[in-house]
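Nothing in this text is a laboratory measurement; each read-out follows from the coordinates by a stated rule. The structure displayed is predicted, hence computed values, not measured ones. As a convention, Cβ positions derive from the backbone with ideal geometry for all residues, glycine included, and neighbour counts pool all protein chains shown.
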Amino acid sequence: MQVNFEQAVTLIRTVGTQVTVMLRGQPGMGKSAILKELAKQLPDHTPCYVDCTQLDLGDIAMPVVDRETMTTSYAPNNRFGLRRGSDQPVLIMLDELSKALKPVLNMLWPLANDRRLGDLSLPYGSYVFATGNLDSDGVGDSLPAHGYNRMTVVDYANPEVLDAEGKPTGWLLWAAENDIDPAVMKFVFDTPEVFERYDALTNPKNPYVFNPLTGNTKTYCSGRALERASHIIKQRDRLGSALLPALAGTIGEPAARMLEAAVLLDDKLPPLKLIESSPKDAPLPDGVSAYFLMAFKLANRAQPASLPAYCEYVKRWESFEARHLFITTIAGVKSKLTMLAMCRAYTELSAGQAKYLKGN
């Protein structure tokens with residue numbers, strides 16, 4: 001039983017003021033991104049990222065002496081966002097909690113169980129959640145039995161790529177929202193097995209994934225690594241022949257060679273400036289694979305000024321599947337919905353596609 005990204009956000013948002021949800025999953029698969037999404041949904045809360053692997057006892061709170069009463073109280077570290085007398089709620093993510101030192105864990109249990117750090121209670125409406133890797137990942141995660149009983153521990157699923165209808169979802173829509181290079185998106189679209197879990201492989205010899213059972217635990221595909229690969233690809237003109245070694249050192253050699261092929265294909269596509277200035281005359285992509293890559297590229301780069309030209313260009317495509325990929329990808333990007341609603345060319349393109357679907 002697992003929860004995906006959206007379900008994890010909903011779970012924490014719903015019960016996180018009273019229940020500490022701990023998400024356990026594979027390295028680099030988007031657990032940390034949950035804090036960013038919750039921060040968007042809870043703008044009145046102070047988001048606090050706490051890397052538990054870096055904590056020692058002195059990094060949590062320090063004693064303060066009251067010389068009149070000759071007693072001590074604890075002043076929390078600034079990373080927890082707490083102030084005495086403040087009613088500003090906080091949103092605390094205890095990242096890698098299952099790797100924390102035992103004394104640190106002992107100090108953090110009241111935060112997870114009672115919403116209290118030392119003698120300071122969290123303001124009303126504060127959220128606390130935690131993350132960690134699976135014990136079987138072999139990366140140093142371990143929780144005592146009594147720790148489990150203080151939290152709701154759930155298995156966090158690897159990202160999805162396509163839904164049951166074959167439309168982009170999950171990581172691909174996140175990538176379109178976050179300016180991930182289209183070549184990376186095309187690679188993941190073609191190779192969705194890069195996000196398979198090692199404990200549920202369709203192909204036991206899958207060369208792309210983190211797999212402690214085969215010893216592939218250093219360079220592999222993860223959401224985190226693919227984002228880094230995107231940054232590297234965007235500098236390919238300066239990197240030259242160093243591109244492939246850099247990618248191999250980020251996502252592993254098998255994935256790097258596949259991704260390099262997508263990059264070479266991208267370099268052969270018609271320039272976006274030409275499409276924007278002459279959408280009715282710009283050369284069309286050469287082959288199905290090129291069409292799909294261009295669909296991701298246009299969905300990724302579309303802005304209010306360029307979208308009408310992109311739609312006019314897409315209307316010329318012979319590939320129904322590529323047109324559909326462009327329409328569904330850009331429609332899944334929340335930040336672009338207003339732009340789409342105001343673009344007549346996109347509305348007409350979508351209507352024409354829907355009519356084609358109905359007729360076939």
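Worth pointing out:
- Residues in the stretch 1-30 that are under 14 Å from LEU91 (Cβ atoms) and part of a strand (DSSP E or B): VAL21 only.
- Selection count where residues are surrounded by fewer than 19 Cβ atoms within 10 Å (Cβ to Cβ) and either touching a residue at least 60 places away in the same chain (Cβ under 8 Å) or within 26 Å of the chain's Cα centre (by Cα) (or both), scope the stretch 104-114: 1
- The numbered conditions (1) surrounded by fewer than 19 Cβ atoms within 10 Å (Cβ to Cβ); (2) at positive phi are all true for GLY252 except (1).
- When THR214, THR169, THR202 are checked against the criterion of being buried (at least 17 other Cβ atoms within 10 Å of the Cβ) and either in contact with a strand residue (DSSP E or B) (Cβ under 7 Å, 6 or more places away or on another chain) or of a type in the set (Val, Ile, Thr) (or both), a single residue qualifies: THR169.
- Flag if ASP59 is surrounded by fewer than 19 Cβ atoms within 10 Å (Cβ to Cβ), touching a residue at least 12 places away in the same chain (Cβ under 8 Å), of a type in the set (Asp, Glu) and at negative phi: yes
- Count of the stretch 74-91 residues which are aliphatic (A, V, I, L, M), touching a Leu at 6+ places or on another chain (Cβ under 7 Å) and outside any loop (DSSP other than H, G, I, E, B): 2
- Residues satisfying the stated conditions in the stretch 271-287, i.e. without any contact (Cβ under 8 Å) to a residue 24 or more places away in the chain and more than 20 Å from PHE187 (Cβ to Cβ): PRO271, LYS273, LEU274, SER278, ASP281, PRO283
Yes/no per residue for (1) hydroxyl-bearing (Ser, Thr, Tyr); (2) closer than 26 Å to VAL288 by Cβ:
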{"residue": "TYR198", "(1), (2)": "yes, no"}
{"residue": "THR202", "(1), (2)": "yes, yes"}
{"residue": "PHE210", "(1), (2)": "no, no"}
{"residue": "GLU227", "(1), (2)": "no, no"}
{"residue": "LEU239", "(1), (2)": "no, no"}
{"residue": "ALA248", "(1), (2)": "no, no"}
{"residue": "PRO254", "(1), (2)": "no, yes"}
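- Leading residue by the ranking (farthest from ALA100 (Cα to Cα)) among those in the stretch 31-73 that are part of a strand (DSSP E or B) and within 31 Å of the chain's Cα centre (by Cα): THR46
- In the stretch 115-133, residue farthest from the chain's Cα centre (by Cα) [restricted to those that are touching a residue at least 12 places away in the same chain (Cβ under 8 Å) and surrounded by fewer than 14 Cβ atoms within 10 Å (Cβ to Cβ)]: ASP119
- Helices (runs of 4 or more DSSP H) fully within the stretch 218-304 that include at least 3 residues being within 30 Å of GLU318 (Cα to Cα) and not polar (S, T, N, Q): 253-267, 272-277, 288-301.
- Look at the stretch 80-103: where a residue is under 27 Å from ASP155 (Cα atoms) and in contact (Cβ under 8 Å) with a residue 12 or more places away in the chain and a partner is surrounded by fewer than 23 Cβ atoms within 10 Å (Cβ to Cβ) and among the acidic types (Asp, Glu), sitting 6+ places away or on another chain with Cβ atoms under 6 Å, you get ASP95/ASP51; SER98/ASP141; LYS99/ASP141.
- Hey, SER136 in contact (Cβ under 8 Å) with a residue 24 or more places away in the chain, hydroxyl-bearing (Ser, Thr, Tyr) and not in a strand (DSSP E or B) or not: yes
- Test: residue in the stretch 299-315 that is under 20 Å from LEU265 (Cβ atoms), more than 30 Å from the chain's Cα centre (by Cα) and not acidic (Asp, Glu): yes
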